[in-house]
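The values are calculated or read from the model by the stated rules, or taken from the named source; none is laboratory data. Only a predicted model underlies this, so the values are computations on that prediction, with no experimental measurement involved. Note that we place each Cβ from the backbone using ideal geometry, even for glycine, and neighbour counts take in every protein chain shown. Quick note on the areas: whole protein, heavy atoms, side chains included, nothing else; ligands and nucleic acids left out. Shrake-Rupley method; radii C 1.70, N 1.55, O 1.52, S 1.80 Å.
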Amino acid sequence: MGQTIAEKIFAAHLRDTPTPGNMVLDIDVVMCHEITTPIAIMDLMDKGMDRVFDPTKIKAVIDHVTPPKDSKTATQAKIMRDWARRHGIRDFFDIGRNGVCHALFPEKGFIRPGYTVIMGDSHTCTHGAFGAFAAGIGTTDLEVGILKGVCAFREPQSMLVEVTGEMPRGVVAKDIILHIIKTLTVGGATDMVMEFRGPVIEKMNMASRMTLCNMSVEAGATSGICLPDRVTAEYLWPFIGDAYDSIDAAVEDFRRWHSDADAVYAQTLSIDVSSLEPQVTFDYKPDCVRDVSDMAGTRVDQVYIGSCTNGRIEDIREAASILKGRRVADHVRGILTPATPDIYSRALDEGLIRIFMDAGFCVLNPTCGACLGMSSGVLAEGEVCASTTNRNFNGRMGKGGMVHLMSPYSAAAAAVTGEITDPRQFLD
Amino acid sequence: MKRFGGRAIFIDRSDINTDEIIPAKYLTEISKKALQPHLLEDLRLEDGSFDPASEELRQARVLVTRANFGCGSSREHAVWALEVNDINVVIAESFARIFRQNMFNCGILAVELEAADIQRLFALDGEVTIDVDLESGEVTATTSSGETVCCRFALNPFDRELVAAGGWLNYADQHY
């Protein structure tokens with residue numbers, strides 16, 4: 001019987017089978033940020049277990065609230081910083097070099113096909129875009145990961161998500177994943193690895209694949225995953241060039257992780273995107289999704305472009321293509337946070353930051369910030385935000401606020417008109 | 001094995017997310033105890049039947065709810081917020097994976113029952129006390145008037161080991 005990519009990665013990392021159906025895996029990369037890690041560090045210290053299994057396999061960043069907004073967040077950052085120094089964790093990214101973890105770590109080449117990756121953050125599933133098994137975990141799992149380099153999972157069940165058709169203009173990966181979450185509901189993929197396949201995925205760049213995988217958790221999935229191919233190899237080439245004679249050789253090697261033709265899937269979902277419209281959420285769950293035309297005219301107070309979902313250079317370019325030569329509506333506050341310093345620099349070089357500033361946007365440093373209502377753009381009661389982020393939960397961006405999730409195109413269009421708007425009218 | 005159970009609180013909604021269980025603004029705390037007053041602070045039910053400041057929540061030791069409890073953010077703070085309020089059992093039709101694992105990783109219980117059994121529990125009137133017997137795999141609910149409902153459940157064998165070990169850190173330290 002054939003295996004899925006998830007099954008192959010699990011088999012290659014199996015440390016133990018403590019009980020039937022449960023697998024303890026060796027972990028290649030344990031990623032850490034300053035919201036869920038300091039409390040793990042403090043607990044390990046309390047228990048006399050302040051050790052790390054391998055400092056080269058731990059990657060750490062301060063990203064959620066940076067620079068710190070108050071004494072508590074400054075303390076969290078300090079605990080991380082001191083810990084990274086104490087244990088010789090060289091891949092630690094502090095102010096000036098820090099960015100949103102799920103954009104920063106791929107950019108540094110830390111994620112490779114076939115890897116196992118964990119982090120105390122539910123959007124860790126983003127890294128499945130590289131053909132890795134990447135899962136969000138809690139703090140206890142993180143403690144064990146830091147200490148022992150292992151993590152326990154149930155045997156993987158996979159859902160094949162086949163995406164076909166021609167992408168209409170103005171429709172992007174965010175629209176596809178919102179449509180998929182609507183179809184599956186917020187619990188529809190629980191305990192599943194969502195394997196994204198098909199001609200539309202094969203044509204996607206890594207940024208779009210990361211957007212897709214990023215929101216797989218909003219359908220309850222353990223991880224999203226894409227088969228590693230030439231697009232993956234070209235993205236990773238600066239980091240893997242020494243290991244392979246050519247990109248062709250890397251692509252060939254990556255094929256060993258591909259799901260077999262006779263692999264078994266617990267569920268299959270087929271999506272034809274040819275007639276898909278831009279998608280927007282309503283209400284307080286990410287499976288409450290409508291066509292943008294059904295939401296058009298909904299007034300917004302703030303537009304937020306950034307996050308691990310849509311804060312990459314490709315997203316900023318898309319939004320800028322609509323904002324160029326236009327201004328945000330009088331009543332709208334526009335906020336851009338490029339997800340990493342490198343993305344910020346490229347946006348500067350390409351003149352995109354100028355476009356945003358001329359349009360009347362505030363441009364922030366890279367941070368998770370208002371996506372989870374912690375800083376830098378929190379909503380007041382009764383306010384509405386058009387956002388490129390990933391969660392529209394009640395209170396997510398501030399108590400009493402309403403968040404409408406959408407693509408960078410749609411968010412830029414909402415900024416210009418001051419209400420939810422079909423972005424295609426601005427694209428020629 | 002540790003005994004699980006006590007006074008039950010019923011929250012009649014599916015897809016309760018971890019932002020509702022403990023809002024992100026409290027994630028800057030570095031002690032679990034500091035979460036105690038904020039459990040379910042942002043949860044609002046459409047029918048107004050839940051009040052996070054109620055005496056009922058303060059006295060609860062078991063939380064009974066519907067499907068996909070604990071979805072969203074991976075924050076283990078959601079489990080700790082329950083734990084520091086002495087709620088060591090959540091009973092639901094289903095759980096989000098990370099929340100479920102976080103419960104067992106802390107050595108406490110996320111018990112899944114059939115939707116029909118959950119409905120039987122919700123149908124009980126008055127004050128309800130729930131006892132969870134891990135040996136027999138039975139949840140027994142008793143009302144103040146003496147009415148009793150008994151439901152069977154199955155625990156994943158590894159999750160059972162985690163409860164016996166007092167959590168995943170203890171287990172992993174012994175085995176790996």
Next item on the list: Take chain A, connect every pair of alpha-carbon atoms lying under 10 Å apart with a spring to form a Gaussian network, then pick out the residue of A:Asp245, A:Asp50, A:Asp330 with the largest mean-square fluctuation.
Entry: A:Asp245
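On full extension of the chain, what length is gained from A:Glu202 through A:Arg81, given 0.36 nm per residue of separation minus the C-alpha to C-alpha distance?
Working: separation 121, 0.36 × 121 = 43.56 nm, distance 3.95 nm.
Between A:Glu202 and A:Arg81, full extension yields 39.6 nm more.
Relative contact order of chain A, please, whole-number percent, based on alpha carbon pairs below 8 angstrom and at least 6 residues apart. Could you put the intermediate results ahead of the total?
On the way: 1040 pairs, mean separation 72.8, N = 428.
Relative contact order, chain A: 17 percent.
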Notebook entry, point to check: Got a sec? Charge dipole of segment A:1-126, +1 on Cβ for Lys and Arg, -1 for Asp and Glu; which of A:Met23, A:Thr116, A:Gly99 is way out at the positive end?
Noted result: A:Gly99
Check: Dividing the Cα convex hull volume of segment A:232-320 by residue count, how many Å³ per residue is that?
Finding: 203
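Quick one: divide the alpha-carbon radius of gyration of the protein assembly as shown by 2.2 N^0.38 Å and tell me what you get. Mind dumping the intermediate values first?
Numbers: Rg = 23.2 Å, N = 604, 2.2 N^0.38 = 25.1 Å.
Against the compact-globule rule of thumb, the ratio is 0.93.
Note the buried accessible area between B and A here, summed over both chains, with a 1.4 Å probe, in Å² to the nearest 100. Please report the intermediate quantities before stating the final value.
Details: alone 8720 and 16190 Å², together 20930 Å².
Interface area, both chains combined: 4000 Å², rounded to the nearest 100.
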Next item on the list: Please identify every one of the trypsin sites (Lys or Arg not before Pro) in segment A:350-428 that sits in a loop by DSSP and has no more than 16 other beta carbons within 10 Å of its own beta carbon.
Entry: A:Lys399
Next item on the list: Go through segment A:185-204 and flag every residue whose accessible area shrinks by 10 Å² or more with all protein chains in place compared to the isolated chain (probe 1.4 Å).
Entry: A:Val186, A:Gly187, A:Thr190, A:Asp191
Checklist line | Radius of gyration and maximum dimension Dmax of segment B:56-102, Cα, Å | finding: 10.3, 28
Checklist line | Karplus 3J(HN,Hα) series, Hz, for segment A:18-32 with 6.51 cos²θ - 1.76 cosθ + 1.60 (x for Gly, Pro) | finding: x, 9, x, x, 10, 10, 9, 10, 6, 10, 7, 9, 9, 9, 9
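Filter the GluC sites (Glu not before Pro) in segment B:4-89 down to the DSSP loop ones having no more than 14 other Cβ atoms within 10 Å, then list what survives. Before the final figure, lay out each step's value.
Details: sites: B:Glu20, B:Glu29, B:Glu41, B:Glu46, B:Glu55, B:Glu56, B:Glu76, B:Glu83; in loops: B:Glu29, B:Glu41, B:Glu46, B:Glu76.
Of the GluC sites (Glu not before Pro), the ones in loops of segment B:4-89 whose Cβ has at most 14 other Cβ atoms within 10 Å are B:Glu46.
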Note to self: Report the Cα centroid-to-centroid distance between segment A:51-67 and segment A:388-428 in angstrom, as an integer.
What the structure shows: 32
Next item on the list: Please identify every one of the trypsin sites (Lys or Arg not before Pro) in segment A:144-249 that sits in a loop by DSSP and has no more than 13 other beta carbons within 10 Å of its own beta carbon.
Entry: A:Arg169
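What FRET efficiency comes out for A:Ser71 versus B:Thr148 if R0 is 51 angstrom and r is the Cβ-Cβ distance? Round to the nearest 0.05.
It comes out at approximately 0.50.
Probe radius 1.4 Å, ligands and nucleic acids left out: which of A:Thr268, A:Thr124 has the largest accessible area, and how do the rest follow?
Details: A:Thr268 90, A:Thr124 0 Å².
From most exposed to least exposed: A:Thr268, A:Thr124.
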Notebook entry, point to check: How many angstrom lie between the C-alpha centres of segment B:1-68 and segment A:146-192?
Noted result: 28
Notebook entry, point to check: Measuring from centroid to centroid over Cα atoms, what is the spacing of segment A:332-353 and segment A:1-45 in Å?
Noted result: 34
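If exposed means no more than 12 neighbouring beta carbons inside 10 Å and the site is in a DSSP loop, what's the longest run of chain B without any exposed trypsin sites (Lys or Arg not before Pro)?
Working: sites that count: B:Lys2, B:Arg3.
Longest gap between qualifying sites, sites excluded: B:4-176.
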Check: Where does the Debye-calculated log10 I(q)/I(0) of segment A:46-163 sit at q = 0.11, 0.14, 0.21, 0.22 Å⁻¹, using only Cα point scatterers of equal weight, no solvent?
Finding: -0.40, -0.65, -1.38, -1.49
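Over segment A:289-428, give the accessible area per residue in Å² for a 1.4 Å probe, as an integer. Mind dumping the intermediate values first?
Working: 4580 Å² over 140 residues.
That works out to 33 Å² for each residue.
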Notebook entry, point to check: Which pairs break 28 Å Cα to Cα here: A:Lys174/B:Lys33; A:Lys69/B:Lys33; A:Lys8/B:Lys25; A:Lys182/B:Lys33?
Noted result: A:Lys174/B:Lys33; A:Lys8/B:Lys25; A:Lys182/B:Lys33
Check: Quick one: Cα convex hull volume of segment B:4-175, Å³ per residue?
Finding: 108
Next item on the list: Can you check what the net charge comes to around B:Glu46, using other residues whose Cβ is under 15 Å from the Cβ of B:Glu46 (Lys, Arg +1; Asp, Glu -1)?
Entry: -3
Checklist line | Carbon and sulfur %, accessible surface of segment A:279-426 computed with the full protein complex present, 1.4 Å | finding: 46
Margin query: Treating only the Cβ of Lys, Arg, Asp and Glu as charged (+1, +1, -1, -1), what charge dipole size does the protein assembly as shown show about its Cα centre? Round to the nearest 20 debye.
Written below: 1440
Check: Who wins for biggest fluctuation among A:Thr19, A:Thr73, A:Thr37 in a Gaussian network model of chain A, springs between alpha carbons below 10 Å?
Finding: A:Thr19
